[in-house]
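Worksheet for the structure shown next.
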Amino acid sequence: MSAQEQVTIDMTDDLVFDPDSTTIAPGTTVVWENVGTVGQTVTAYEDEIPDEAEYFTSGGFNNEQAARQGYPDEGNIPGGKTYEHTFDVEGTYGYFCIPHETAGMVAELTVSADADGEGGGGDGGVVPGIPESARVVGIVTVAAMVSIIALAYFFLKYGGDYG
């Protein structure tokens, strides 16, 4: 894999990193893009990165404590903006969004020479989830169809002979 490869991870108004688990090869640049309107950060958990790895955060801080103390004055990524970091050291990196950490906006990045060469998520071929709105439409449609069939059965069985 070339050292110039790039992978994008979205930060959404649903307060998630998408994908929240990614596997890349060493030398890959990860670009976190805020695709929503809510400000976000990218902040490494200092104790969840390889010992030899460079600490990373969207505020340019040297450690997690400084990043936490510097927010919101520094490190915020507004909607439509990006932050990027190139990963050279193999291992697993845990990171989070400072204002949304308690809401579960945490993720993991694995840097491995065995990466599949596409820099995609580390899901191993898992089918993406169905959006909640599509799920609701499907449930309502099935309920309507069952109701129509039940009504048709009722009218055919009991509603034909009035004379």
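The values are calculated or read from the model by the stated rules, or taken from the named source; none is laboratory data. Everything numeric in this text was worked out from a predicted model, so none of it was measured. Here Cβ is always computed from backbone atoms with ideal geometry, including for glycine, and neighbour counts include all displayed protein chains. These area figures cover heavy atoms from the full protein model, side chains too; ligands, DNA and RNA do not enter into them. Shrake-Rupley method; radii C 1.70, N 1.55, O 1.52, S 1.80 Å.
Note on exposure: Glu74, Glu33, Glu52 ranked by accessible area (1.4 Å probe, complete protein assembly) read Glu52, Glu74, Glu33, with the most exposed listed first. Per-residue 3J(HN,Hα) values for region 132-145, derived from phi via the Karplus relation 6.51 cos²θ - 1.76 cosθ + 1.60 with θ = phi - 60°, read 4, 5, 5, 5, 5, 4, x, 5, 5, 5, 5, 4, 5, 5 Hz in sequence order (x marks Gly and Pro). Computed with a 1.4 Å probe over protein heavy atoms only, the accessible surface of region 1-90 comes to 52 Å² per residue. The modelled label-to-label distance for the pair Val89/Ala143, using points 7 Å beyond Cα in the direction of Cβ, is 5.3 nm.
Full extension of the chain segment joining Ser112 with Asp51 gains 20.4 nm, where the gain is 0.36 nm per residue of separation less the Cα-Cα distance. Can you check what the Kirkwood hydrodynamic radius comes to for the chain, Cα pairs only, in Å to one decimal? Result for the chain stands at 18.4 Å. Of the listed residues Ser147, Ser21, the order by accessible area with a 1.4 Å probe, largest first, is Ser147, Ser21. Met145 contributes an accessible area of around 110 Å² to the protein surface, as traced by a 1.4 Å probe with all chains present. The calculated 222 nm mean residue ellipticity attributable to helices in the chain amounts to -7000 deg cm²/dmol, summing -39500 (n - 2.57) over DSSP H runs of n ≥ 4 and dividing by all residues. Here the chain exposes an accessible surface that is 52 percent carbon and sulfur, computed with a 1.4 Å probe and the other protein chains kept in place. The candidates Ile24, Ile149, Ile49, arranged from most to least accessible area with a 1.4 Å probe in the full protein assembly, appear as Ile149, Ile49, Ile24.
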